[in-house]
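A short worksheet on the structure shown next.
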Amino acid sequence: MELDREAIVQIVVSTIALATFVAAAVFVSTNYSSNGGLTEQGGIAIIGAIGLFIVVMLVAGLWMERQEF
């Protein structure tokens, strides 16, 4: 099965967005942990990372929808 250009772009964009979210989650969990859990600031930071991931995926989806492959 051969992938067309549109599918490859979708895979690459999704992979980059997911890797960025995982990196942000790891960063927050290593820098804002205390006694095996997140601090209050860490909780806010992880919520921010989730919100940022949602916005990035929204923008990426809109951008891919408007591309002509």
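Treat every Asp and Glu Cβ in the chain as -1 and every Lys and Arg Cβ as +1, leave all other atoms uncharged, and give the resulting dipole magnitude about the Cα centre to the nearest 20 debye. Taking the Cα centre of the chain as origin, the dipole is about 240 debye. For the chain, leaving out every one of the GluC sites (Glu not before Pro) that falls in a DSSP loop and has at most 10 other Cβ atoms within 10 Å, the longest unbroken run is 3-67. Mean sequence separation of contacting Cα pairs (under 8 Å, at least six apart), scaled by the length of the chain, corresponds to a relative contact order of 38 percent. In this structure, Val55 and Ser34 have a Cβ-Cβ separation that, at R0 = 35 Å, corresponds to a calculated FRET efficiency of about 0.80.
Computed from backbone phi with θ = phi - 60° and the Karplus coefficients 6.51, -1.76 and 1.60, the 3J(HN,Hα) list for region 41-52 is 5, x, x, 5, 5, 5, 5, x, 5, 5, x, 5 Hz; x is used for glycine and proline. Taking the square roots of five times each eigenvalue of the Cα gyration tensor of the chain, the equivalent ellipsoid has semi-axes of 33, 13, 6 Å, listed largest first.
Here region 24-69 exposes an accessible surface that is 64 percent carbon and sulfur, computed with a 1.4 Å probe and the other protein chains kept in place. Counting only alpha carbon atoms, the long axis of helix 5-31 and the longest principal axis of the chain meet at about 10°.
The values are calculated or read from the model by the stated rules, or taken from the named source; none is laboratory data. What you see is a predicted model; the values in this text were computed from it and never measured. Note: ideal-geometry Cβ built from the backbone for every residue, glycine included; neighbour counts use all protein chains shown. For accessibility, only protein heavy atoms count, side chains too; no ligands or nucleic acids. Shrake-Rupley method; radii C 1.70, N 1.55, O 1.52, S 1.80 Å.
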